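The next block holds one structure in the form of structure tokens; read it before the comments.
No lab work stands behind these numbers, since they all come straight from the coordinates. Only a predicted model underlies this, so the values are computations on that prediction, with no experimental measurement involved. Note that we place each Cβ from the backbone using ideal geometry, even for glycine, and neighbour counts take in every protein chain shown.
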Amino acid sequence: MPGEIVSTKMLSCSYREGRVLEDISFLVERGDYVGIVGPNGSGKSTLVKALLGLITVNSGSASLFGSRLSDFRDWHKIGYLPQSLHLVNPVFPATVHETVGLGLLSRKKFPKRLNKSDHTKINITLEELAILELERKMIGELSGGQLQRVLLARAIVNDPELLVLDEPTAALDPETRDRFYGMIAEINRSRGVTVLLVTHDSGAIGEHASKMLYLDKKILFYGSFDEFCCSPEMSSLFGEHSQHLMCHRH
Ligand code: ADP
Ligand code: MG
């Protein structure tokens, strides 16, 4: 299907301790903004890593942009912001500008060097996320919210068609979090970038995303927020009150 960005069929994943994802089947179409929610340990990060080929799928299948995962090569089409900020070494001696520049290298053949238009692109992206004034700072000097925006800049500087964000707002205060969600929504709307955003913040995602995937090892719900809100199964799972708080529409 031409508008198919992510598709899985009966996908299952296990760690040594046992199975953490079971029979996951869903389809993400171009322009969707999917909020992936669920309790801690429900498999959200595992799902995202499986889709990105970072961990092995035990059974079932997944495809990206219409290619089977094992045949997919266009990784530059995907921007990824992983969950663990501690993967970012705060004493790594890099400026904000250099860190965002790393996002451009994946598309390049050897020699991997940035040219003038790359530097312009980095600055445009920094400006878009309102952090151009941080350009010359070392990443170790940044606050949590600033670092998140720098990593978002690195994930989008390459003009990805799919943006995958794993709990990007966990370290942010509520105001910065709202602003961050707003930026993602804008990237989705104005550039038509497809977004998969993982969060345990099921209350906030309804304000921004177009679809929700509720995961707890299996998919308990996948669809629009209108469908979510009208679903009797979801009423019995969450209670009507929480269901409406999550929906943000009615
Ligand atoms: P979530 O992102 O929804 O919090 P995860 O996908 O991180 O959930 O984890 C799902 C389950 O898999 C949890 O029980 C977690 O303890 C386990 N798990 C996650 N990563 C690993 C790993 N690398 N090795 C073994 N078990 C893991
Ligand atoms: Mg996680």
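Of the residues Glu161, Glu186, which single one is surrounded by fewer than 16 Cβ atoms within 10 Å (Cβ to Cβ) and more than 25 Å from Gln243 (Cα to Cα)?
Just one listed residue meets the conditions, Glu186.
What's the number of the condition Ala209 fails, among (1) more than 17 Å from the chain's Cα centre (by Cα); (2) under 21 Å from Tyr181 (Cα atoms)?
(1)
Residue check: is Leu21 under 14 Å from Asp166 (Cα atoms), within 13 Å of ligand 1 (Cβ to nearest atom) and surrounded by 13 or more Cβ atoms within 10 Å (Cβ to Cβ)?
So Leu21 does not fit the description; no.
Name the helices (runs of 4 or more DSSP H) wholly inside the range 143-205 in which the number of residues that are within 16 Å of ligand 2 (Cβ to nearest atom) is 1 or more.
Those helices (runs of 4 or more DSSP H) span 144-156, 202-205.
Filter the range 41-51 for residues that are buried (at least 20 other Cβ atoms within 10 Å of the Cβ) and in contact (Cβ under 8 Å) with a residue 60 or more places away in the chain; which is nearest to Trp75 (Cα to Cα)?
Ranking the candidates gives Leu51 first.
So which of Leu27, Leu54 is within 16 Å of ligand 1 (Cβ to nearest atom), under 18 Å from Leu162 (Cβ atoms), within 19 Å of the chain's Cα centre (by Cα) and without any contact (Cβ under 8 Å) to a residue 40 or more places away in the chain?
Leu54
Restricted to the range 97-133, and to residues that are among the small types (Gly, Ala, Ser) and not in a helix (DSSP H, G or I), which residue is nearest to Gly79 (Cα to Cα)?
So the residue we want is Ser106.
When both residues are 6+ apart or on different chains and their Cβ atoms are under 7 Å apart, which pairs have a first residue that lies in the range 60-80 and is under 14 Å from Lys49 (Cβ atoms), and a second that is of a type in the set (Phe, Trp, Tyr) and surrounded by fewer than 19 Cβ atoms within 10 Å (Cβ to Cβ)?
Taking only residues 6 or more apart or on different chains, the pairs are Leu64/Phe72.
Filter the range 31-47 down to residues that are within 8 Å of ligand 1 (Cβ to nearest atom) and among the β-branched types (Val, Ile, Thr), then give me how many there are.
Residues in the range 31-47 being within 8 Å of ligand 1 (Cβ to nearest atom) and among the β-branched types (Val, Ile, Thr): 1 in total.
Only residues in the range 223-250 that are free of Cβ contacts under 8 Å to residues at least 24 places away in the same chain count as the first member; pair them with residues that are loosely packed, with under 14 Cβ neighbours inside 10 Å, Cβ under 6 angstrom, at least 6 apart or cross-chain, and list the lot.
Filtered contacts from the range 223-250: Cys229/His250.
Of all residues in the range 135-192, which are on the phi > 0 side of the Ramachandran plot and either touching a Lys or Arg at 6+ places or on another chain (Cβ under 7 Å) or away from ligand 1 (no atom under 16 Å from the Cβ) (or both)?
Asp159, Gly192
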